[in-house]
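Enquirer: Below is the structure I would like to discuss, written out as structure tokens.
The values are calculated or read from the model by the stated rules, or taken from the named source; none is laboratory data. Keep in mind that what you see is a predicted model, and the values were worked out from it rather than measured. So basically every Cβ, Gly included, is an ideal-geometry build from the backbone, and we count neighbours across all protein chains shown. All accessible areas refer to the heavy atoms of the entire protein, side chains included, with ligands and DNA or RNA removed. Shrake-Rupley method; radii C 1.70, N 1.55, O 1.52, S 1.80 Å.
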Amino acid sequence: MTAIDSIGLEILRRRFEALVAELGAVVGKLARSTAIRENRAYSVAILDGHGGVVAIDNPLHLGLMTGGARCALDRFRYDMREGDVVLLGDAHAGGSRCQDLMLMAPISVDGSTVLQIAARAEMPDLGGELIGSVNPAAREVWAEGVPVPPLKLWREGHQVRDVQASLLMNTRFPDQVEGNLEALLAAMTLGSGRIQRLAADQGVEAVLAAAAHSQDYAERRARALLAGWGEGEASVRREPAAGEGAGPVVAATVAIAAGSVSVDLGASGPELRSALNASATSTAAAVATAVSAVLGPEVPVNGGLLRLIELRTAAGTVVDASFPSAVSCGHVYLSSLIVELVGTALAELAGTSGGAPACERSIVVVRPEAAGEQAPVDLAPFAIAGCSGAEGRDGWGAPHVFSRSLMPSAEEWEGQAEIAVRGIELVRDSAGPGRWRGAPGLAVELHLRGGGEVTSLLFGDRIELGDTDSGPRRLRLLFKGGAGYGDPRQRDREAVRADVRDGLVSSAEAKAAYGLAVEEEAA
Amino acid sequence: MIDSVTAEIVRNYLETVAAEVIQTMTRTSVSPIFNEAHDCSAGVFSYDDREVSLIARADAAPVHIYAALSSVEASLEFFRGNLAQGDVILVCDPYDGGSHLPDYTVVMPVFIDGKPQFFPSVRGHMPDNGGPVPGGNLKARDIWQEGFRFSPIKLYERGELREDVWEWIVRNNRLPENLRADLEAMIGGCRVGEQRIRELCDRYGIEVVLEAVRWILDSSERRMRERISAWPDGEYAATSLLDTDFAGRRDLPIKVTLRVEGDEVTADFAGSAEQTDGIANSVPANTLAFLYTAFSALCPEIPINSGFFRPVRPVLPPGTIVNANEPAAVRANTVTPGADIGDVVMKAAEGFAPERVGTCSIDLLGPWLWGKDERSGRSFLHYELLCTPTASGGVEGADGWGAWPATFSSADVPSVEMSEVQYPVLYKSGQLVTDSAAPGRWRGSAGWETVRQPHRAADQHHSIRVQGLYSPLHGFCGGCDATGNYVVIDPGGERERVVSTWTDSALSPPDELILFNSGGGGGWGNPLERDPELVRRDVLDDLVSLDGARWDYGVVLDPELMTVDPEATAAERRRLGEQRAGDRPWLSLGRKNVLERTGIEPPSETED
């Protein structure tokens, strides 16, 4: 074996990245459920022996993958043989929600473990009170679904039949879950083979060195950027209203000092007796997303990036819920809030001009009656609004950290989900004014055939329910626009006029917010 | 050919093995539901490469042990080709070998000569099994809302503990420490069973033991066939009504037609209600358990094992309340509609074996209370059997007495004192209720009234289910139906309310009193034929009032001397006999009292 030079290492790093992108595409094409195929709620990663992510196809899952891998390794560090596959999906043990299942397997070369390969994805259901396992009224995790602590799903190349059968008995959609897990396994098997071939070509040492290099490189790049930011500290707090009763309180002290980012969420409020809690892993993932968003695309998203972050949470708070508190809604909602809160604070401290990296995300799950025993449909893919403006650009569409979801094709949805898409349009005067304005809000009108149930937790967004003459239930979703950046009065006049011409801004708003005289507009 | 003496010795040995298995289990388990209430049972099963047979049972709530037969069958089916000495299998799913999710069955194959020939087994009702609601979800509409499911799953494989599987199971339980300990106790019981079975085989040799097992099964089958042959051929039908499915439907019929033909009986449940949206759906393992329970009560002289069941052919129409299709919710089925299944089979048997019938079921009075025990700061979940101890009925030659009918008598009534130590509750009173015993020539057991109050409990929530108020357990051969179960919250207080079907709420105020009335079992035979001296004794014991003696039994007593007035009694009995011979239905005094107390309207006569 020859020693590998830095160019060789960098080439291998890129190959890891290309590989996970390819594996991600495999999962996206093979999986059975819409949440994976269109909402792209999954990831595939290569990890080192300590749970460090070497490469991952979905930057949003960096923290989740790390948390899950550490939990699985803690449990099976001395019992991970070639052909083993660990299954886990337990919010309070390295996970986010019951239905977010993760698989991890050792990649072996000549009988010894070199790296790990893992994949995780959102399943359409894993039991509990409500179809879909998202239950705003839940107080305990058992009302949401069935937690799955680390379990061997395969042992030495053989499926563990009773575990697999039992898992599938706990979902209302066993065919979909089975198909999804097969898709994850297929990608993992393909990935393992590729890494084994790489090891055969380049030598195990080179592969291991490249895995270390990938993370070291990300860390180095990140620290270099951090060094340019200066030091400082800011405290931020958010106490959103969430229906009746006390809502979640998220309080963060974000500091940049001595080449690291510390985020202290210890002063956040106590966990709630509702599903609006986040697990420690969900929170860690959100903080990683925020830091990664502020660092920008130059820093590869992998375990090296996490080395910068010192995160503190207090057990029993809303951002570090204790077992068995419910978490099915907090994972989506609090995560988006933490990304926004921490990301914005960090961006301001850093003096970067990226705008708010995220916005609070509502939860809207519908189950059309006509769909019978189909899985409920998460309408998140339609929520392509909320991106804030930033220095040099207007907001457009969804905040970039959420932009992995594909905009669903209306025809495909109509065919699959018993939902007719009757209209999708931008809403006039819904974009936050600014020198760089936010993304306009979006109005989506859907008809649910034969009526249906809607489960929602809304934050800044609205839904309107009504009936149509012909029978279907009418559901109108109004997604909020993004925030503006900078003084609106300094916005380029021609840009304001263009927005007026496009119908995004009314004459009145142009005058009131941007100070553009009506007569000037008319001229 | 084995001689009958040796075979009987083996049979009794195996019965003793089953008894030792369950003794080991109940004495080492930690949950009061096992070590106090014995809501569990043990069995020894055999397997001959073709079929699984129950060969001995102990402490056997029939609902458990007859259903465990399905659990052993499901284990063998699932692990066909993948079974080894040292495996320990756990079964729970109603659609895969179980009855309802909280009944966990441990199945342990005992390999002899390289084949799994025996299976000691313990089934127990776990206080919790995950799911949205502690102790069971009253409002479940599908099986996933009832908790954690699993296929037959190995807790040990070839003697090696499967730690990850244990972690998964206890993770889905609100009482993980109890569950772990109780499972260990069940496994421990089975290990003792294995040891004893091996000792038996060492002593007699496996061939002799297997021959004895065949003899045991064939002997019970032969005796059962003889018994059936003695019954007149014909069709005997009966209907029971289930008060509520807890999901909006009322008075759901459970029908059975027993067809006696030669030495076989077909039990056809056609005409039973369609399966319900709620939790009152039975599955075959559970329905068969109650069918067999009734037959075992009809034939107490025959040793109960799979041979006994062979001449009984069940017909369970799919999609009905006795054989629901997956994924129907089934949480309540071990009593609701289980009790009605047992009761209706017994009622139908009245037509061919009147001298052998009597209440063999219990009807539901199920209170769950949970919250935080302020004395310890820990969560508690109290599923109590203390308030529901009477369902024993009259039979020819004996009054109903004590707690549950003989078929359920392995379950114990927990002690009040222990319950108060274990749970944050106080029992204010417990008493037999005057005039509540179903009248008959042989009366049912008297009803039992308990008044309970939470004590030093916080965040408490209770879920109470009642059946058998609108349509109580049947009386037989002219005996009266039971008087009916009911619950009253804040009895006599300003906020008094009657629970006639179910309630699910927080208590307010938190120390509110709750009265539970458990209405006893059915009577047997015409009450006007009851020995007046027995009526007099019941009056002296305060079980029957002077009014009740006259109203129900036509017995007139001198209120001062407490002696029977024979002439007045004869006249009164004549008068009542004529009155009751007409179309006008009459109600026993106890039943009348219950209807007045609860203000309910029972359904009109059963349509057959």
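Enquirer: Considering only DSSP states other than H, G, I, E and B, which trypsin sites (Lys or Arg not before Pro) in segment B:492-570 qualify as loop sites with at most 10 other Cβ atoms within 10 Å?
Expert: Details: sites: B:495, B:497, B:530, B:536, B:537, B:550; in loops: B:495, B:530.
Those satisfying the criteria are B:495.
Enquirer: I'd like the carbon and sulfur percentage of the solvent accessible area for chain A, probe radius 1.4 Å, heavy atoms only, ligands and nucleic acids excluded.
Expert: Working: 9760 of 19740 Å².
Heavy-atom surface of chain A belonging to carbon and sulfur, 1.4 Å probe: 49 percent.
Enquirer: Here's a follow-up. Applying 1/(1 + (r/R0)^6) with R0 = 60 Å to the Cβ-Cβ distance of residue B:19 and residue A:112, what FRET efficiency is obtained, to the nearest 0.05? Present the calculation step by step, with values, prior to reporting the outcome.
Expert: Working: r = 53 Å, r/R0 = 0.89.
The value I calculate is 0.65.
Enquirer: Ignoring ligands, DNA and RNA, what percent of the 1.4 Å accessible area of segment B:4-222 is carbon and sulfur?
Expert: Numbers: 3080 of 6680 Å².
For segment B:4-222, the apolar C and S fraction of the accessible surface comes to 46 percent.
Enquirer: Now, a different point. With n ≥ 4 as the cut-off for DSSP H runs, can you work out [θ] at 222 nm for chain B, using -39500 (n - 2.57) per run divided by the number of residues, rounded to the nearest 500?
Expert: On the way: 14 runs with 190 residues, N = 608.
That comes out to -10000 deg cm²/dmol.
Enquirer: With each pseudo-label sitting 7 Å past Cα toward Cβ, what's the residue A:201-residue A:416 distance in nm, one decimal?
Expert: It works out to 3.4 nm between the two label points.
Enquirer: Could you work out how far apart the two model spin labels at residue B:529 and residue B:82 are, taking each label as a point 7 Å from the Cα in the direction of the beta carbon, and quote it in nm?
Expert: For residue B:529 paired with residue B:82, the spin-label model returns 6.0 nm.
Enquirer: Oh, and also: For residue B:259, put the label point 7 Å out on the Cα→Cβ axis and report which residues of segment B:229-245 keep their amide N under 18 Å from it.
Expert: Hits in segment B:229-245 for residue B:259 at 18 Å: B:229, B:231-239.
Enquirer: Further, regarding this structure: Residue separation times 0.36 nm, minus the C-alpha to C-alpha distance between residue A:175 and residue A:50: what's the value? Could you put the intermediate results ahead of the total?
Expert: Working: separation 125, 0.36 × 125 = 45.00 nm, distance 3.34 nm.
Additional length available on full extension: 41.7 nm.
Enquirer: Right, something else. Amide H of residue A:54: which non-local residues (sequence gap of 5 or more, or other chain) have their own amide H closer than 5 Å, using H built in the peptide plane?
Expert: A:46, A:47, A:48, A:303
Enquirer: Per 10 Å bin, what percent of the C-alpha pairs of segment B:358-608 does each bin hold, from zero upward?
Expert: The calculated distribution, bin by bin, is 8, 30, 31, 20, 9, 2, 0.
Enquirer: How many percent of the accessible area of segment B:358-608 is carbon or sulfur, using a 1.4 Å probe?
Expert: Carbon plus sulfur share of accessible area: 49 percent.
Enquirer: Within segment A:272-360, report the GluC sites (Glu not before Pro) that DSSP leaves as loop and that have at most 12 other Cβ atoms within 10 Å. Before the final figure, lay out the partial values.
Expert: Values: sites: A:298, A:310, A:340, A:348, A:360; in loops: A:298, A:360.
Of the GluC sites (Glu not before Pro), the ones in loops of segment A:272-360 whose Cβ has at most 12 other Cβ atoms within 10 Å are A:298.
Enquirer: Less than 11 Å from a label point 7 Å out along the Cα-to-Cβ axis of residue A:161: which backbone N atoms in segment B:59-93 qualify, by residue?
Expert: What the label zone holds, given the 11 Å backbone N cut-off, is B:76-83.
Enquirer: Run the simple label-point estimate for residue B:177 and residue B:48 please: 7 Å along Cα→C-beta, distance reported in nm.
Expert: Output for this residue pair reads 4.8 nm.
Enquirer: Let me ask something else about it. Provide the packing ranking of A:284-292, A:157-165, i.e. peptides ordered by the mean count of other C-beta atoms within 10 Å per residue, highest first.
Expert: Taking the mean over residues of other Cβ atoms within 10 Å, the ranking is A:284-292, A:157-165.
Enquirer: Which FRET efficiency value, to the nearest 0.05, do you get for residue A:494 and residue A:312 by plugging their Cβ-Cβ distance into 1/(1 + (r/R0)^6) with R0 = 51 Å? Display every interim value, and only then the final one.
Expert: Numbers: r = 48 Å, r/R0 = 0.94.
Calculated transfer efficiency: 0.60.
Enquirer: Within the set A:29/A:480; B:139/B:347; A:480/A:511; B:154/B:372, which residue pairs have Cα atoms separated by over 25 Å?
Expert: On the way: A:29/A:480 31 Å; B:139/B:347 31 Å; A:480/A:511 22 Å; B:154/B:372 34 Å.
The pairs that break the limit, which is 25 Å between Cα atoms, are A:29/A:480; B:139/B:347; B:154/B:372.
Enquirer: Tilt of helix A:204-227 relative to the longest C-alpha principal axis of chain A, in degrees (0 to 90, nearest 10)?
Expert: Taking Cα atoms only, the helix is inclined about 30 degrees.
Enquirer: Angle, helix A:62-76 long axis vs. longest principal axis of chain A, Cα atoms, 0 to 90°, nearest 10?
Expert: Once rounded, one gets 30 degrees.
Enquirer: Over segment B:4-222, average the accessible area per residue using a 1.4 Å probe and give it in Å², no decimals. Display every interim value, and only then the final one.
Expert: Details: 6680 Å² over 219 residues.
Ligands and nucleic acids excluded, the figure is 31 Å² per residue.
Enquirer: Let me ask something else about it. Quick one: length gained pulling residue B:30 to residue B:416 fully straight, 0.36 nm per residue minus the C-alpha distance? Don't skip to the end; give the middle numbers.
Expert: Values: separation 386, 0.36 × 386 = 138.96 nm, distance 1.75 nm.
Between residue B:30 and residue B:416, full extension yields an extra 137.2 nm.
Enquirer: Along the principal axes of its C-alpha atoms, what lengths does the protein assembly as shown span, in descending order and rounded to whole Å?
Expert: Reported extents, whole Å, longest axis first: 116, 75, 55.
Enquirer: Shape call for chain B from the C-alpha gyration tensor, a ≥ b ≥ c root eigenvalues: rounded (a/c under 1.5), prolate (a/b greater than b/c) or oblate?
Expert: Values: a/c = 1.84, a/b = 1.29, b/c = 1.43.
The shape class here is oblate.
Enquirer: Could you work out Rg/(2.2 N^0.38 Å) for chain A, with Rg from alpha carbons only? Write out the running numbers ahead of the final one.
Expert: Numbers: Rg = 23.4 Å, N = 523, 2.2 N^0.38 = 23.7 Å.
Ratio of Rg to 2.2 N^0.38 Å for chain A: 0.99.
Enquirer: Find the centroid of the Cα atoms in segment B:362-426 and in segment A:66-122, then give the distance between the two in whole Å.
Expert: 46
Enquirer: Moving on to the next point. Between residue B:250 and residue B:355, what FRET efficiency comes out of the Förster formula 1/(1 + (r/R0)^6) with R0 = 35 Å and r the beta carbon distance, rounded to 0.05?
Expert: Values: r = 34 Å, r/R0 = 0.98.
That pair, residue B:355 with residue B:250, gives E of 0.50.
Enquirer: If you line up the long axis of helix A:6-30 against the longest principal axis of chain A, both from Cα atoms, how many degrees apart are they, to the nearest 10?
Expert: For helix A:6-30, the angle is close to 70 degrees.
Enquirer: Also, I was wondering about something else. Near residue A:345, within a Cβ-to-Cβ distance under 12 Å, what is the net charge of the other residues, with Lys and Arg +1 and Asp and Glu -1? Walk me through the numbers on the way to the answer.
Expert: Values: positive: A:237, A:238; negative: A:233, A:264, A:340, A:348.
Net charge around residue A:345: -2.
Enquirer: In addition: Take each complete run of DSSP H in chain B, measure how far its Cα atoms stretch along the helix's own axis, and keep only those covering 27 Å or more with mean Kyte-Doolittle hydropathy at least -1.0; list them. All intermediate terms of the calculation are to be shown ahead of the outcome.
Expert: Details: long enough: B:4-28 (36 Å, 0.19); B:176-204 (42 Å, -0.67); B:206-230 (36 Å, -0.16).
Membrane-span-like by this rule: B:4-28, B:176-204, B:206-230.
Enquirer: 222 nm [θ] for chain A, helices only, -39500 (n - 2.57) per DSSP H run of 4+, per residue, to 500? It would help to have the intermediate numbers written out before the result.
Expert: Numbers: 13 runs with 175 residues, N = 523.
Estimated from H runs of four or more residues: -10500 deg cm²/dmol.
Enquirer: With a 1.4 Å probe on protein heavy atoms only, tell me which residues of segment B:137-180 lose at least 30 Å² of accessible surface in the complex relative to the chain by itself.
Expert: B:144, B:145, B:149, B:151, B:162, B:164, B:168, B:171, B:172, B:174
Enquirer: Counting Lys +1, Arg +1, Asp -1, Glu -1, what net charge surrounds residue A:427 among other residues with beta carbon under 14 Å of its beta carbon?
Expert: Values: positive: A:428, A:437, A:462, A:476, A:480; negative: A:425, A:429, A:445, A:461, A:464, A:499, A:502, A:509.
Net charge in that neighbourhood comes out at -3.
Enquirer: Using only alpha carbon positions, build the gyration tensor of segment B:4-222, then give the equivalent ellipsoid semi-axes as the square roots of 5 times its eigenvalues, largest first, whole angstrom. Provide the component values of the computation, followed by the final result.
Expert: On the way: eigenvalues 174, 59, 51 Å².
Calculated on Cα positions only, the semi-axes equal 30, 17, 16 Å.
Enquirer: Dipole of the protein assembly as shown, Cα-centred, from +1 at each Lys and Arg C-beta and -1 at each Asp and Glu C-beta, to the nearest 20 debye? Walk me through the numbers before you get to the answer.
Expert: Values: 105 positive and 158 negative charges, 485 e Å.
About 2340 debye.
Enquirer: Please give the length that would be gained between residue B:455 and residue B:409 if that part of the chain were fully extended, namely 0.36 nm times their separation in residues minus their C-alpha to C-alpha distance (nm, one decimal).
Expert: On the way: separation 46, 0.36 × 46 = 16.56 nm, distance 2.99 nm.
Additional length available on full extension: 13.6 nm.
Enquirer: In addition: For segment B:1-74 and segment A:379-434, what is the separation of their C-alpha centers, rounded to whole Å?
Expert: Value for the Cα centre distance between the two parts: 63 Å.
Enquirer: Follow-up. Give me the 1.4 Å probe accessible area per residue for segment B:358-608, excluding ligands and nucleic acids, in Å². Don't skip to the end; give the middle numbers.
Expert: Values: 10630 Å² over 251 residues.
So segment B:358-608 comes to 42 Å² accessible per residue, rounded to a whole number.
Enquirer: Could you report the buried accessible area between B and A, both sides summed, computed with a 1.4 Å probe and given in Å² to the nearest 100? Mind dumping the intermediate values first?
Expert: Values: alone 22720 and 21040 Å², together 41220 Å².
Approximately 2500 Å² gets buried when B meets A.
Enquirer: Separate question: Work out which residues of segment A:161-182 lose at minimum 40 square angstrom of accessible surface when the other protein chains are put back, relative to the chain isolated, with a 1.4 angstrom probe, and list them by number.
Expert: Those are A:161, A:162, A:166, A:169, A:170, A:172, which lose 40 Å² or more relative to the chain on its own.
Enquirer: What's the average, rounded to a whole number, of partner chain beta-carbon atoms within 10 Å of each residue's beta-carbon in A:142-151? Don't jump to the answer; show the numbers that get you there.
Expert: On the way: counts 14, 6, 1, 5, 10, 5, 4, 7, 3, 7.
Per residue, the number of nearby Cβ atoms from other chains is 6 on average.
Enquirer: Okay, next question. Near residue A:220, within a Cβ-to-Cβ distance under 15 Å, what is the net charge of the other residues, with Lys and Arg +1 and Asp and Glu -1?
Expert: Summing Lys/Arg as +1 and Asp/Glu as -1 gives 0.
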